[in-house]
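One structure below.
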Amino acid sequence: MSDHYWESTRPGAGRREPRADSLSDARVISLNGTWRFRLSPTASGTGCDFLSDDFDDSAWDPMPVPSHWVLEEFTPLAGGARRRMLGTAEGPLYTNTAYPIPLDPPRITEANPTGDYRLVFHVPEDFGRAVLRFQGVDSCAKVWLNGEELGWSTGSRLPFEFDAPVRHGRNVLTVRVHRWSAGTYLEDQDMWWLPGIFRDVELIERPAGAIDDHFVHADFDHETGLGTLRVDASMDASVEIPELGIWMRTGETAEVPVEPWSAESPKLYRGSLRSEGEVVDLAIGFRRVEIIDGTFTVNGRAVTFRGVNRHEHDPLRGRALDVETMRRDIVLMKRANIDAVRTSHYPPHPEFLRLCDELGLWVVLENDLETHGFIYDGWEHNPPASPEWREALLDRLRRTVERDKNRPSIVIWSLANESMTGDAFGEMRRWLDEFDPSRPVLYERDPTYQDSDFYSVMYPSLEMLEMIGRREEPASGRIGMHGMMFDDAGDDGVEPDPVDARRRGLPFLLVEYAHAMGNGPGSLSDYWRVMREYDRICGGFVWEWIDHGFAAETPDGTPYVMHGQDVDYEPNGGRYSLHGLVFSDRTPTPGLAELAKAYAPLRIEVGEDAVVIRNDRHTASTADLRFTWTCDDGSDEPASGELDVPAIAAGESATIGLDTRAGLVTVSAALAADAAWAPAGHVLAWGQRAPRHPPVAPLPTPIGGVLVAASEVRLGDAVFDGRSGRLRMLGDVALDGPWLDLHRAPTENDRGQGDSNNIAKVWQQTGLDRMEHRTDAVRTGEGWFEATGRTAPSAHPHGVTWTMLWQQQGEGLELTVTADFVGPWANTPYMHRDIWVPRLGLLLGLPGEYSQVEWVGRGPGESYADSFEASPLGRYRSAIDDLQVPYPVPQENGNHVDTRMLRLSGDRMPVLQVEGRDVFDFTARRWTSKDLQAASRPHELVDSGRVWLNVDHRQLGLGSASVGPATPERYRIPREKTVWRVRISLEE
Ligand code: GAL
């Protein structure tokens, strides 16, 4: 046992009771700003001198509050010049599951970087009784005011308050913050460890008769349309909601017709709670959250969350976000059709929730609790199962719920993330049942789900999700982490039947799915098709919203995005901190565009003579939307017009006549007027119908011909190498290739989550990234030229035999490729695995003067076999350089599936045109896939002097195997004899 407060399982001392976060007319002095700071190597800090009134802190570092000291400039522990610690073991550390301290709860190592903070502030003469509030300090703080100890607290993402006996005039506030504490054991979320006073510090006046706490109970009965309101408060006060004509006392109940609150229509009734001493703002949303017959409902209607998991992150400021950034997150989410947020894995800054109320997002509010690292002790001593931690765990839950209880956007409380099981969950649950029966409770990790109102797993496969939807999944406890079945999966049940029967009756909430690490995830629309189908599934939350990377610079000033691997430190979570739908600087990724399409709240199916529009919204009709059509018939000016659609009620559909036979028809639904989160014209949903392309007739197989003996062969405009069979010139354009290409620069998802699903490693072990090419025979005849050969890795017996047949057709060449997989590609003596082929295509080197592309196919962004639904068919143009997506870790990107025609152009270059027979995938970049694979930062990719064009039959889908199931078979490349054809020509 230790008698150090920072090693105590108690959550704190001296603090006030937790209470609701609220805005009022009470005066607030913000203590944010520049404080004085000194870092020490151990929990003793700088000693006690800094507490004294006249301590000279002028030699200490200035430190912004709020901030994380590890992201700021300060004097290092060892002394010397002030600098930033980014990239060093003194700086931000990233671990996924492991604790960065020895697993010896509740003790901490002696090395415990400790920041002493000091602030001198002034309080006006007329300032009354005061409370000092810290909105978030990571991980443990002890606080003194004018040398007097007020108390201490843990619980990094939770507020704590002290009664603050301030003096009029000059005051000195001193805070000692420890990087590690017993609280650390409860905060093992997958994220950077970022110590410091990182949320606001405020001095709040509490005049006599101030309202310390209040609890709004605002229910809505969807059958009568009546709202019921009661406001309880820590003292008697009046409740005034002018818009509803409500003037009553606290504790009284009013029943009035209201417009309910929902994420779509976040109607808030503003008013006030008035006592003699204070007027507190009320922003009331009426809604009823209920689980009815195993279906999660709000206001009587099933809710299917179109959700994301959100951490707080900023590439410069870590979790010290400003309000503008919070608003930006919500605006970006709403524009991407996201309507729900799980605050993984802690309560966010309270302002974020106020904005969710106002702009409309369903919120699953998660407690600040994760003990994942106890897995390294086989879950022995896990705090939720250890009585000595009980008070700390309940303290966290109470502070979470008390702070945010009045937010209508919060519809579910989540007890924790990945903290296994323990009696504490039962106690937390019971406290919640008592305190707030109006919201259901979620806890994903206990296989009995006894303390959860939802059944939930992470990262199930599509098949598993379907089984869950049908309530036919195996007994719980047989589904392991990430939705994978245990080997001995069966239906015999590991827990007594009543427990399993209860679980089976619960709604299912997909707490995490679709791991958005690097390029991907795939199958977003597939998941959503399953989720829409079953009322049991109340939606899901993509992992996750934002990459957690820091803005860093190389010594020569080149900017790059720093991730875990950039810190020489163990344990290390590596690159797993980069798994967001937006990059660290909030630039949307192609994954977000794909999600927006999957989450579209309307389905628009364009048929030959009619459009069917289905409104999948929760309650809102389509009255706020404008529908338009465009028809691209190949001319320069596509026709367009408005579609007259009556208001379609939620859950209903309408069929509108429209003749779509004239061309490529797209029907879109956009906001008719400005919304708080997007301007009029913002598109929510679209559907498309492409005219059928008449299939291109096969060419006759040439007969006869002779073996080539010459060094060059001409075929129309083309010159081929007589030995390798490769194209050298087309007109005046020097070309090189094509080579059969079976490789791609691995994506993060290709690298999987460990050796068991690292297909990139299989490619490397079986040589797919270093193929050798051999030409066996070159033949030519009247109007044709043909090369046959074999492409295979050194050291291995497997390979692909190929034939490339070129036939002159008018001004162009038709290229028919036949590829066949030979030798052992699965379960070979050297590799007991199946070798999934990442690509089956052609690589061609072009002169570097080519700089522009134009194509007919899907665009404008990248698309893959399992991630293309956000990319409408159309005609697109782009600079070749802009085809690349700057993933912070270079990897395959910039592909386009379903391409019918591609034209490359450049200064003084003839246009090179590739036409699909019928379609192909293309990528074009100034470096090869090998360069892309070798680079670890985008700036390491340099122009090779050529443009490398891939014209591919197919590429493997993206999947989301970096955490999650394998890419479904339909998105893989069958290893079978494959024939495909393209036409290549030049235009001056
Ligand atoms: C989940 C976890 C998240 C994150 C994710 C993988 O198991 O809850 O915090 O670690 O896996 O990126």
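The values are calculated or read from the model by the stated rules, or taken from the named source; none is laboratory data. Given the structure is predicted, the values throughout are model-derived calculations rather than measurements. Because the Cβ atoms are built from the backbone with ideal geometry, glycine has one as well, and the counts that use them run over all protein chains shown.
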Checklist entry - Do we find that Leu359 is out of contact with any Leu (no Cβ under 9 Å at 6 or more places or on another chain), of a type in the set (A, V, I, L, M, F, W, C), in contact (Cβ under 8 Å) with a residue 12 or more places away in the chain and farther than 24 Å from Phe454 by Cα in this structure? => result yes
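Here's the yes/no breakdown for (1) assigned by TED's automatic domain parsing to the domain that holds Pro408; (2) closer than 18 Å to Val511 by Cα; (3) surrounded by fewer than 19 Cβ atoms within 10 Å (Cβ to Cβ):
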| residue | (1), (2), (3) |
| --- | --- |
| Ser272 | no, no, yes |
| Ser275 | no, no, no |
| Glu278 | no, no, no |
| Gly285 | no, no, no |
| Arg306 | yes, yes, no |
| Asn309 | yes, yes, no |
| Glu312 | yes, yes, no |
| Arg317 | yes, no, no |
Checklist outcome for this item: Residue hits (region 66-105; modelled with pLDDT of 95 or more, in contact with a Ser or Thr (Cβ under 9 Å, 6 or more places away or on another chain) and farther than 23 Å from Ser344 by Cα) are Pro102, Pro105
Checklist entry - Just checking, how many residues over region 525-558 are without any contact (Cβ under 8 Å) to a residue 60 or more places away in the chain and either within 16 Å of the ligand (Cβ to nearest atom) or of a type outside the set (D, E, K, R) (or both)? => result 2
Item to check | Members of region 134-156 that are aromatic (Phe, Trp, Tyr) and under 23 Å from His122 (Cβ atoms) | outcome: Phe134, Trp144
Checklist entry - Of the residues that sit in region 632-659 and are charged (D, E, K, R) and in a strand (DSSP E or B), which one is nearest to Asp339 (Cα to Cα)? => result Glu642
Checklist entry - If you check every pair at least six apart or on different chains, which have Cβ atoms under 6 Å apart with a residue in region 1-12 that is in contact (Cβ under 8 Å) with a residue 40 or more places away in the chain and acidic (Asp, Glu) first and a residue that is surrounded by fewer than 21 Cβ atoms within 10 Å (Cβ to Cβ) and assigned to a loop (DSSP other than H, G, I, E, B) second? => result Glu7/Arg107
Checklist entry - Out of Phe508, Phe486, which single residue is hydrophobic (A, V, I, L, M, F, W, C), modelled with pLDDT of 95 or more, more than 16 Å from the ligand (Cβ to nearest atom) and in the same structural domain as Thr589 (by TED's automatic domain parsing)? => result Phe508
